[in-house]
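Asks: This is the structure, below, for whatever I ask next.
Rule-based calculations on the coordinates, nothing more; no lab input. Source: prediction; values computed, not measured. For neighbour counting, all protein chains shown are included, and Cβ atoms are generated from backbone atoms with ideal geometry for every residue, glycine included.
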């Protein structure tokens with residue numbers, strides 16, 4: 001009975017420490033990093049109807065990796081109860097993180113049977129600064145949600161292995177795994193981790209183990225097939241800067257150095273990392289030094305308890321692998337990718353000092369305090385840094401200003417801060433940021449498109465046209481470049497040319513509301529009323545609004561008046 005009270009007390013302490021460390025995230029706003037597209041302007045999360053939910057499970061927003069229907073469903077629930085109040089979205093992220101911390105405690109206890117070690121490991125997992133991005137950023141929902149189901153599935157499977165193969169735990173693990181896949185397809189590592197648990201439990205993988213893993217493999221294939229079938233937008237766009245094969249290979253191997261170094265020395269954590277690591281030789285040298293020290297620790301640990309190191313490293317690699325830059329697609333590293341893999345590295349010291357099999361007895365007070373005190377001190381220090389990082393994600397300006405301060409060669413940071421400055425009405429500062437972004441990344445069309453929009457609003461039409469022309473020349477598949485150039489041409493009376501731009505945009509994206517709406521207006525100016533009505537009615541179906549309805553009614557009156 002005393003042990004039960006101890007466990008409850010430890011869980012309460014973990015929850016409290018987690019909330020204290022991540023509390024600043026509850027004050028955060030939305031940022032301009034994916035939030036506008038996936039939350040603020042995402043009409044798919046505005047309905048919890050059966051048709052709306054079905055749409056979430058049959059549409060991927062950005063290739064197969066963007067198949068996250070449960071994430072969008074959770075956004076829809078947030079919106080249903082709180083509208084677009086960012087506090088509600090951040091509160092759910094924090095709540096999920098607290099649940100994940102408690103699950104980590106349970107998993108560690110199932111593996112080592114030591115409350116002190118479970119508390120230490122869960123505290124380190126809870127408060128590590130690498131988790132700030134996943135919790136404090138709205139779009140980190142993918143990682144905290146898929147990890148919740150993943151960890152719950154792990155706990156269920158461990159109970160299945162330890163409770164005389166009770167089928168209810170096996171069924172629960174399979175269901176939770178499927179929910180994890182529907183939250184993020186990187187959960188596909190679970191069948192291999194399942195075999196890792198089988199080996200940890202019995203020191204062997206036999207036909208029975210493989211048979212138990214087979215349903216998980218089948219469900220992985222089914223959900224991956226759904227992800228591919230639901231992809232109606234094509235693959236995500238390739239990066240503007242070509243990444244040679246050897247450089248991509250270098251990024252792949254450096255990822256292990258980067259992540260392990262950040263675990264042991266979590267300094268310089270950013271919302272966006274540069275691809276060109278060669279610009280920062282001292283940072284690379286420090287990462288390599290920390291990585292070498294970590295490898296030395298692993299080697300020494302392996303000599304003492306090889307099964308602990310093998311299990312931890314295997315878990316780390318298997319859960320990290322789906323996010324590694326096998327083929328670079330824009331962002332080779334991100335703190336949120338370490339949300340689950342971090343647990344693998346924590347397994348090593350926990351399992352090293354756990355009691356041998358069959359030695360599950362009460363922790364001795366001296367041993368318990370010897371672990372808890374230093375681990376909690378370290379965790380609190382990490383938590384203080386985490387609290388500061390959560391505040392960095394307060395808004396777009398705080399986020400990108402920090403990236404620029406730490407990485408002044410980061411073109412994306414200048415682009416995104418320029419967008420935030422423009423939204424705040426500080427257009428001169430925005431133009432300065434866009435100019436620096438263009439200098440750093442002269443082949444990114446979005447930079448010139450954004451700068452062209454400012455020139456358009458200032459009625460500096462020649463400069464705006466030059467920037468829109470540059471954007472579509474750099475990327476002939478850049479939809480917004482055609483739309484904005486078409487709007488500009490309509491403003492100066494070039495309706496035939498505007499029509500061509502909007503039509504090109506619709507060839508590239510048939511679902512573009514803006515292209516459909518403005519092409520309808522161009523048809524109206526050219527007195528092609530039937531075509532105008534057709535486009536505007538399609539635009540209304542894509543995004544109903546009073547403005548479009550009024551335009552349609554006015555066009556029908558004009559058409560009828562002209563036919564008399």
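Asks: Can you pull the percent of Cα pairs in region 42-96 with separation above 17 Å?
Replies: Percent of Cα pairs beyond 17 Å in region 42-96: 36.
Asks: To continue, here is another question. Ranked highest first by the average count of other Cβ atoms within 10 Å around their residues, in what order do 440-448, 208-216 fall?
Replies: Going from most to least packed, we get 440-448, 208-216.
Asks: Against the globular-protein guess of 2.2 N^0.38 Å, express the Cα radius of gyration of region 1-112 as a ratio, rounded to two decimals.
Replies: Compared with the compact-globule rule of thumb, region 1-112 sits at 1.33.
Asks: State, to one decimal in nm, how far the label point of residue 381 lies from the label point of residue 426, with both points 7 Å from Cα in the Cβ direction.
Replies: Once both label points are built, they end up 3.5 nm from each other.
Asks: When the scattering of region 421-470 is computed by the Debye formula from its Cα atoms alone, each counted once and equally, what is log10 I(q)/I(0) at q = 0.29, 0.30, 0.31 Å⁻¹?
Replies: -1.14, -1.18, -1.21
Asks: Also, I was wondering about something else. Fewest Cβ neighbours within 10 Å first, please rank 511, 323, 115 accordingly.
Replies: Listed from fewest to most nearby Cβ atoms, that is 511, 115, 323.
Asks: Subtract the Cα-Cα distance of residue 34 and residue 203 from 0.36 nm times their separation in residues, and report this length gain in nm to one decimal.
Replies: 56.4 nm
Asks: Give the calculated FRET efficiency between residue 58 and residue 331 to the nearest 0.05, with a Förster radius of 25 Å applied to their Cβ-Cβ distance.
Replies: The pair residue 58/residue 331 has a calculated efficiency of 0.40.
Asks: So, R0 is 45 Å and r is the distance between the beta-carbons of residue 247 and residue 531; what FRET efficiency does that work out to, to 0.05?
Replies: 0.40
Asks: A further question on this structure: Quick one: angle between helix 495-508 and the longest Cα principal axis of the chain, in degrees between 0 and 90, rounded to 10, please.
Replies: Long axis of 495-508 versus the principal axis of the chain: about 30 degrees.
Asks: Helix 513-525 against the longest principal axis of the chain: what's the angle in degrees, Cα atoms only, rounded to the nearest 10?
Replies: 0
Asks: Now a separate question. If one takes the longest principal axis of the Cα atoms in the chain, at what angle in degrees, from 0 to 90 and to the nearest 10, does the Cα axis of helix 69-82 lie?
Replies: Approximately 70 degrees, to the nearest 10.
Asks: Which semi-axes, in whole Å and largest first, does the equivalent ellipsoid of region 137-295 have when worked out from the alpha carbon gyration tensor as the square roots of 5 times its eigenvalues?
Replies: 35, 22, 15
Asks: Only counting other Cβ atoms within 10 Å, I'd like 4, 142 sorted with the fewest neighbours first.
Replies: 4, 142
Asks: Would you compute, from DSSP H runs of 4+ residues alone, the mean residue ellipticity of the chain at 222 nm, taking -39500 (n - 2.57) per run and dividing by the full residue count, rounded to the nearest 500?
Replies: -23500 deg cm²/dmol
Asks: Additional query: How many percent of all Cα-Cα pairs in region 114-218 sit more than 17 Å apart?
Replies: 58
Asks: For residue 276 and residue 302, compute 0.36 nm times the residue count separating them, minus their Cα-Cα distance, and round to one decimal in nm.
Replies: Length gained, residue 276 through residue 302: 5.9 nm.
Asks: Moving on. Give the average over all directions of the projected area of the C-alpha convex hull of region 397-563, one decimal, in nm².
Replies: 10.4
Asks: Same structure again: For residue 210 and residue 497 in the same chain, what is the full-extension length gain: residue separation times 0.36 nm, less their Cα-Cα distance, in nm?
Replies: This chain segment gains 97.1 nm when fully extended.
Asks: Taking the Cβ-Cβ separation of residue 171 and residue 13 as r and a Förster radius of 25 Å, what is the calculated FRET efficiency to the nearest 0.05?
Replies: E between residue 171 and residue 13, to the nearest 0.05, is 0.15.
Asks: Okay, next question. Spin-label point model (7 Å from Cα, Cβ direction): what's the residue 435 to residue 547 distance in nm?
Replies: About 3.2 nm, to one decimal.
Asks: Provide the three semi-axes, in whole Å and in decreasing order, of the ellipsoid equivalent to the chain as defined by the square roots of 5 times the Cα gyration tensor eigenvalues.
Replies: Semi-axes from the Cα gyration tensor: 49, 27, 21 Å.
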